[in-house]
Structures are given as structure tokens and as C-alpha cells.
1. Considering only the stretch 16-37, how many residues are closer than 16 Å to Asn3 by Cα and either in contact with a Cys (Cβ under 7 Å, 6 or more places away or on another chain) or loosely packed, with under 10 Cβ neighbours inside 10 Å (or both)?
2. Under 6 Å between Cβ atoms, which residue pairs at least 6 apart in sequence (or on different chains) link something in the stretch 1-27 that is at negative phi with a partner that is part of a helix (DSSP H, G or I) and not aliphatic (A, V, I, L, M)?
3. Answer yes or no as to whether Glu73 is outside any helix (DSSP H, G or I) and at pLDDT below 70.
4. For the structure I just gave you, tell me whether Ile11 is among the hydrophobic types (A, V, I, L, M, F, W, C) and modelled with pLDDT of 75 or more.
5. So, Thr42, is that one more than 30 Å from Val123 (Cα to Cα), modelled with pLDDT under 70 and either surrounded by 10 or more Cβ atoms within 10 Å (Cβ to Cβ) or in the same structural domain as Val123 (by TED's automatic domain parsing) (or both) or not?
6. Give the stretch 92-128 a look and list any residue that's closer than 17 Å to Ala79 by Cα, aliphatic (A, V, I, L, M) and in a helix (DSSP H, G or I), or say none.
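The values are calculated or read from the model by the stated rules, or taken from the named source; none is laboratory data. Small disclaimer: the values here were computed from a predicted structure and weren't measured. With ideal geometry, Cβ positions are generated from the backbone for all residues, glycine too; neighbour counts draw on all protein chains shown.
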Amino acid sequence: MVNVCKVGGDIISLDPNILFSRLVLMAERTGEISEYFAFELTSVPMSLFKNGYLRKPDKPSLHRKSVGHCNKELLPCPARYVVDGGYLLRKVCWCKGSTFLDLLKAYVGFLRSKVGGGVVTVVFDGYAEAPSTKGHEHRR
């Protein structure tokens, strides 16, 4: 996200506000607005980025809004749920001296209390060395 572009062999510095103003003037003069604004003015959607990094997602508010609009009658029977394993690790308390079986029962009990019936898949995603969608979050 740099405000320069290469034209031929020359590197030209661009001010997005001036570029936008010039495009508006050209569109007003010719009346062909759609031609001038057919393409994005940036290489990435600015609504998704801030200070060169992806904006921080607000997953809890997305969850609240989506669950509030969920119509239980429209869910397939049996319903299928995918749960983030990292979320689950933070929500279920590990008691000192617990065995694996105790922890398993605690996780299953937590999921049953939240989900009820249906099929639950818990996903634990790892981070490989290759670039991922969470790279910006790691750098932040």
C-alpha cells in the first residue's frame, strides 16, 4: 500500500485525494462516470485495512448478531456445529490433577450445555510457516 505508481520508466507519487478529484472532474466533463470509476483506486479494499495491516476482526459481535437472527426451524436435522478449539480451551477450566478423561468429560459437558443436540466438530488450527490469513494478526 504505497502511494506511487510506475508509468513507463518513471515512478510517480500519487495523492489519492487529488487523483479522486481529477477523476470526478473528468467524469463531470464527459458524463461517462461509470468508465472512470469501473476499477478500484487501491490495490486492496481500504475498508479491510488500517495502517498497512488487516483490521482486527470483531468475532464476538458477529456471533451475537448471527445467533440473534438464526431461525432454529431452518437448521438441518440434526444440526451441525463447528467450534473453534482455541475458544474451547479458554472456556473450559482445567482443574489441577485432572486426568484426560476428566477433561474430556468437561469439554463434552460444556458443548452439550451450549449446543444441545446435533453434531459438533471441534477444529484446532495450527500455523504453518507458509503465509496464512492470520499473518497480519500475528505481526500485530
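1. The number of residues fulfilling the criteria is 2.
2. Leu23/Tyr36; Met26/Tyr36; Ala27/Tyr36
3. no
4. yes
5. Judged against the criteria, Thr42 is a match.
6. Residues satisfying the conditions are Val108, Leu111, Val115.
Results for (1) among the hydrophobic types (A, V, I, L, M, F, W, C); (2) exposed (fewer than 11 other Cβ atoms within 10 Å of the Cβ); (3) at pLDDT below 90; (4) at negative phi, shown as yes or no for each residue.
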residue: Thr99; (1), (2), (3), (4): no, yes, no, yes
residue: Lys114; (1), (2), (3), (4): no, no, yes, yes
residue: Gly117; (1), (2), (3), (4): no, yes, yes, yes
residue: Val120; (1), (2), (3), (4): yes, no, yes, yes
residue: Gly126; (1), (2), (3), (4): no, yes, yes, yes
residue: Ala130; (1), (2), (3), (4): yes, yes, yes, yes
residue: Gly135; (1), (2), (3), (4): no, no, yes, yes
